[in-house]
Amino acid sequence: MAPNLFVVLTNPIEGTDDAFNEWYDNRHVPEVLDVPGVVAAQRYDIADVKVPDDEDLPAQLPPPTHRYMVIYELADEPDTVMAEFLKRVMAGTLTLGEWLDLTTVSLTGWTPRGERVTAPR
């Protein structure tokens, strides 16, 4: 895995999931993979996780706010890749599809903290 990540949480405009996913998978991800420093992408759908509604739990979790996530693996620092993202968005070569609800997008850069730890087997 590349050392740095972008985690992007998104929602489509209500009722446009099929068009959103078609655009995201077949146009947007290839455009992002063309950005220097981006080495891989993996999209995810939210999974329904059952958390018991129990008063004994330490806290009540808020409901999820996004239905889709993509993790981009980066070979460069997040700031370097973000600068190129913005340059391409402004030039129109990195599209923000008409189905993307821009008011809900969350994009964060991540760098490793410590070593990767795996579960003993």
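Derivation of every value follows stated rules applied to the coordinates shown; laboratory data play no part. Since this is a predicted model, take the numbers as computed values, not measurements. Note that we place each Cβ from the backbone using ideal geometry, even for glycine, and neighbour counts take in every protein chain shown.
Given the options 73, 55, 14, state which has the largest fluctuation in a GNM of the chain using a 10 Å cut-off (strictly under) for Cα springs.
Most flexible of the set in this elastic network: 55.
Go ahead and run the numbers for FRET between residue 66 and residue 113, Cβ-Cβ distance against an R0 of 25 Å, rounding to 0.05.
Using R0 = 25 Å, I get an efficiency of 0.60.
Which order, highest average first, do 39-49, 81-91 follow once you tally other Cβ atoms within 10 Å for each residue and take the mean per peptide? Write down the numbers at each step before the final one.
Values: 39-49: 11.2, 81-91: 14.2.
So the order, starting with the most tightly packed, is 81-91, 39-49.
Karplus couplings for the range 75-84 from phi (6.51 cos²θ - 1.76 cosθ + 1.60, θ = phi - 60°), rounded to Hz, Gly and Pro as x?
Per residue, the Karplus-derived 3J(HN,Hα) values read 9, 10, 5, x, 4, 5, 5, 4, 4, 6 Hz.
Report the gain in length on full extension from residue 46 to residue 26: 0.36 nm times residue separation, minus Cα-Cα distance, nm rounded to one decimal. Don't skip to the end; give the middle numbers.
Details: separation 20, 0.36 × 20 = 7.20 nm, distance 1.97 nm.
Extra length from residue 46 to residue 26 when fully extended: 5.2 nm.
What is the diffusion coefficient of the chain in µm²/s, taking the Kirkwood radius over Cα pairs and the Stokes-Einstein relation at 4 °C with a viscosity of 1.567 mPa s?
Values: Rh = 16.3 Å.
It diffuses with D of about 80 µm²/s by this estimate.
Can you run phi through the Karplus equation (6.51, -1.76, 1.60; θ = phi - 60°) for the range 38-45 and list ³J(HN,Hα) in whole Hz, with x for Gly and Pro?
9, 10, 6, 9, 9, 8, 9, 9
Go ahead and estimate [θ] at 222 nm for the chain from helices alone: -39,500 (n - 2.57) per DSSP H run with n ≥ 4, summed, over the residue count, rounded to 500. Show your work: numbers first, answer last.
Working: 3 runs with 26 residues, N = 121.
Result for the chain: -6000 deg cm²/dmol, rounded to the nearest 500.
Ordered by residue, what ³J(HN,Hα) values in Hz, to whole numbers, does the range 4-14 give under the Karplus form 6.51 cos²θ - 1.76 cosθ + 1.60, where θ = phi - 60° and Gly and Pro are x?
Per-residue couplings from phi come out as 10, 9, 10, 10, 10, 9, 9, 9, x, 4, 3 Hz.
Name all residues of the range 30-48 having a backbone nitrogen under 11 Å from the label point set 7 Å from the Cα of residue 93 along its Cα→Cβ direction, giving them as ranges.
What the label zone holds, given the 11 Å backbone N cut-off, is 34-36.
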